[in-house]
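Bear in mind that the values in this text are calculations on the coordinates, not laboratory data. If you're wondering where the values come from, they're calculated on a predicted model, not measured in any experiment. Here Cβ is always computed from backbone atoms with ideal geometry, including for glycine, and neighbour counts include all displayed protein chains.
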Amino acid sequence: MKSINKLIIAISITVGASVTSCQKLNIPPTNIFTPEVIYSSEAGVKSFLATIYQNLPIEDFKYRPDQGFKTGGNDWENFYNEAGVIGEEVGPFGGMDIAGGFGYWPYGDIRNVNTLISELPKHVSTLTQSTVNALLGEAHFLRAYYYFGLAKRYGGVPIIKEPQDPAAPLSTLQVHRNKEQETWDFIGSELDLGYQMMPETSDAGRANKYAAIALKSRAMLYAACIAKYGSVNFVDGPARSAGLVGIPADQASKYFQAAYDAAKALEGHYSLYNANSDKVQNYVDLFLKSGSPENIFIKQYSIANQTAHSWDATMSPRYMTANALSRSYPTLDLVQLWGNLPVTNDDGTPKRFNSRADLMQGLEPRLLATIYFPGTTLRGLTFDMQRGIYPSFSGTAAAEVAKQPNSRSYILAGDTKTLYQGKQIIGFTGPWTGGDELTRTGFYVRKYVDYNKPQATVDLNRSEQPWIDLRYGEILLNRAEAAMELGNPTDALSSINQLRTRAGATLYSSIDLTKVRNERRMELAFENQYYWDLKRWRTADVVLDRAHFKGLMPYYVFNENKYIFLAEPELFNREYTFQKQFYYEGIPGGEIGKNPNLLPNNPNY
Amino acid sequence: MKKLISNFLVVAAILTISACTKIDNYDGPNASFQGNIISSAGGNLQTSGGSTQIKLQQIGWTTPQTIPSKFDGTFEDTKLFKSAYKVVPTNGAFWPVTDTIVVNIAQGTKHDFTVTPYIVIKNFTTSLTGTTLTLKYDITAPIAAGLPTIKDTQPYINTTKLVGAGASIREYSDALAVSINKNFTDLTDAEKSVTLTVPNMIPGRTFFVRVGVRLSDSFNSSNFSEIVQIDVPK
């Protein structure tokens, strides 16, 4: 009887299944957004834009030049920065570890923008013409931003303006590289479109028309320098003969003019941050206060959305934070751009200081706001940098530094607990050679560090201050450099002096290209610009030719109860060399495998 | 039921074991390529780490590979796939070789390249007085016209026979570099014969010494002298 029941059940299941099995599956998938959903409202387009913005090649706090752009919730190692291989800082990189790049190839993101550009005009009825135009302008800006990220790495790349059809024949999908000049021209014309089509204002974190023209001033300056300096200092190869890298020298002035005009277009719309009459505090706040009239385009972070960065926890020593460690430190070479520090007397002996903080007297406010000097305080704690103790000190600074370490009479220590006659030998903030979590140079980064954050909250992935990707300060520098190259020193001088006024520096009465470039280095230190500046000026292989960098080591002289400062090699004494082939990165091997039409590769790859 | 499961496992095990019995039908990388990079001025081109390479481009493949030259100007790679390759010496301090040749590389393939060095170091002599080492040599150029600017010249000193750029004691080597930054044709005869002194050599040690001249070509490459052994007496 039981078996009959089973049989009945089995039969009913089979019959039931076969009867219902031929239902057509015509329910649209619920986890894929169709164009109708995206483009039916501005909010829909906005959500699509968010992905495109998130992946923009913005070299921010989290950017790791050897690994790429980071958008995750735990990309905390913010000390792996560009500054640490080019002499602004020394950091965890053992040498020129970033010049090979990370195989950046964002054609997936570019496809997203291309889709947006081809779809938007079809939805004028739901979105209105003016919204569509504004969004199209934004899309052109975004596309230019991606191509800029490619062009500065590889030179000429394939320009793809429409979403490719995956079913198209392989020959049309394997696009050849465009010439380098065509690539920069495309970036310029895309940014012009952005400038024409976008409105004057935008939500924070999104671009407006001025962001487009600001980026254009940067991009055209790159193109101009590649034309001018890249035609003198280059590595030859088939890619160069074909124009895939390099721009003819006679094009330089055209691009300098474009950079100048673009920078000038921002005049009157943005201004330097000048809210505080205390010049040091003003320059510190420029990077921390929202609503600054200097900010043209920013990138925001959020703890709630798991995109926060870790600048505060990784730029200051553990002594002043709640977690983690620091690993990259400003060099004395950078500090000396502002002039030599008054640490030696005329007879060559080290100057004696009653307190470490006395060193800062008379220094430029911008320098003090960029770098934490010995004797400053953060979160109630003092930067007490001290490399060691001299029981007594005689002779000149130069002679002392030239000695072999074992014949120097100083007393060093492996930790902060070791005392010399009751006096702490090394500072809580270093310098120390036992590791690299305390300064190797005697300095710490101050720019962008949020001094208001209570120490207990200075943890990993807990910093939300925005990255200022385009600010008016840079625009003035772009303008001054372009003006100088075009033979208009008067205009260059006035731009530079605007910056120097805000910085609290003495004003220049005359100007030359070296001064303009040095001003750029000082104003934009740690902002991930100098690496690319060195590349476009084609000076990297000269500046970074077996280069070693220095620190400023504070010592306590015991019998005099004074401090002295000695300029010494940074404690790891690492070497940095930039090969000429690095002016361009090689096209990623995996991409050449998929598309052999990308050959010839850049010279010497 | 248990039996069913165990039967099933047995079948699965047999399938797993027998699945991968096919042997890779391609040859392993058992071809080799070796030879000398000969200087047109005589002998092998003296090189150093991270400089001269033989670049091989396998025909029908996109990514090139390289064989680094040894310090004595020889090269050898015994783990290559048998095939036709376009080969060319590159990255060193010699006039660029523009015509690549095609070599069928099989087991034991040998090939010598002849290159024209930018700079040939002649009359290299060393003398030790106390702990101070004096190095004298003449800088000559087989082809002077169009030579890249000469950046600097320096000694290279190490405690092993592997001595050259990136393999030297900094205080005795890079720190003693003398900048030149001139074209060869603008050098006076006095500037072409160089004397370098290396002070404070450590007594009782053996050092290996050579000198180099660095040029601002595409690779910032250097021409080197031969390597000399120096025993500093106690």
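A few notes on this one:
- Amide H within-cut-off set for A:Leu544, under 5 Å, with H built and near neighbours excluded: A:Phe578
- The range B:31-115: Rg to Rh, with Rh as the Kirkwood radius over Cα pairs: 0.94
- Note, ³J(HN,Hα) from phi for the range B:78-91, Karplus 6.51, -1.76, 1.60, rounded to Hz, x at Gly and Pro: 9, 10, 10, 7, 5, 5, 8, 10, 8, 10, 7, x, 8, 6
- Helix A:2-20 vs. chain A, principal-axis angle (Cα, 0 to 90°, nearest 10): 90
- Comparing mean-square fluctuations of B:Ile143, B:Ile14, B:Ile119 from a GNM of chain B with C-alpha springs under 10 Å, the top value falls on B:Ile14.
- For B:Ile180, distant residues with modelled amide H under 5 Å away: B:Asp152, B:Thr153
- Using θ = phi - 60° and Karplus 6.51 cos²θ - 1.76 cosθ + 1.60, couplings along the range A:336-353 (whole Hz; Gly, Pro as x): 6, 4, 7, x, 5, 6, x, 10, 10, 7, 4, 7, x, 7, x, 5, 8, 10
- The protection proxy used here, the mean number of other Cβ atoms lying within 10 Å of each residue, ranks peptides B:98-106, A:6-14 as follows, highest first: B:98-106, A:6-14.
- Rounded to the nearest Hz, the phi-derived 3J(HN,Hα) couplings of the range A:74-88 under the Karplus curve 6.51 cos²θ - 1.76 cosθ + 1.60 (θ = phi - 60°) are 9, 9, 8, 7, 5, 7, 7, 10, 4, 4, x, 10, 10, x, 5, where x marks glycine and proline.
- For the residues of B:210-219, the average number of beta carbons from a partner chain within 10 Å of their own beta carbon is 3.
- The label-point distance for A:Asp66 and A:Ala357, in a model that sets each label 7 Å from Cα toward Cβ, rounds to 3.9 nm.
- Peptide A:545-552 is shielded by partner chain Cβ atoms: per residue, an average of 2 of them sit within 10 Å of its Cβ.
- Packing-based ranking of B:69-79, B:189-199, A:305-315 yields A:305-315, B:69-79, B:189-199, ordered from highest to lowest mean Cβ neighbour count within 10 Å.
- Relative contact order %, chain A, counting alpha carbon pairs below 8 Å whose residues are six or more apart: 19
- Among A:512-524, A:480-492, A:585-597, the peptide with the highest mean count of other Cβ atoms within 10 Å heads the list, and the full ranking is A:480-492, A:512-524, A:585-597.
- Projecting label points 7 angstrom from Cα along Cα→Cβ for B:Lys110 and B:Val232 puts them 4.1 nm apart.
- Cα-Cα over 28 Å, subset of A:Lys161/A:Lys299; B:Lys151/B:Lys234; A:Lys179/B:Lys82; A:Lys550/B:Lys161: B:Lys151/B:Lys234; A:Lys179/B:Lys82; A:Lys550/B:Lys161
- Residues A:Thr418 and A:Gln257, FRET efficiency given R0 of 45 Å [Cβ-Cβ distance, rounded to 0.05]: 0.15
- Using all pairs of distinct alpha-carbon atoms, the Kirkwood hydrodynamic radius of the range B:72-151 works out to 16.3 angstrom.
- Measuring spread by the Cα atoms of chain B yields a radius of gyration and Dmax of 25.6, 98 Å.
- Between the beta carbons of A:Glu591 and A:Ser302, assuming R0 = 30 Å, the FRET efficiency works out to 0.35 to the nearest 0.05.
- Estimated from helical segments only, the mean residue ellipticity of chain A at 222 nm is -11000 deg cm²/dmol, where each DSSP H run of four or more residues counts as -39500 (n - 2.57).
- Note on A:230-239: average number of Cβ atoms from other chains within 10 Å of each residue's Cβ is 1.
- Under a 5 Å amide H cut-off, with hydrogens placed 1.01 Å from N, B:Ile38 pairs with B:Leu45, B:Phe113, B:Thr114, B:Val115 among residues at least 5 apart or on other chains.
- On Cα atoms only, tilt of B:2-19 relative to the major axis of chain B in degrees: 40
- Environment charge of B:Asp174, counting only residues whose C-beta is closer than 15 Å and scoring Lys/Arg +1, Asp/Glu -1: +2
- When the convex hull of its Cα atoms is viewed from all sides, chain A shows a mean projected area of 38.6 nm².
- In degrees, nearest ten, helix A:209-229 long axis to first principal axis of chain A (Cα): 70
- A:Gln336 versus A:Lys161: modelled label distance in nm, points set 7 Å from Cα along the beta carbon direction: 5.1
- B:Gln34-A:Val401 FRET efficiency (beta carbon distance; Förster radius 45 Å; 0.05 resolution): 0.40
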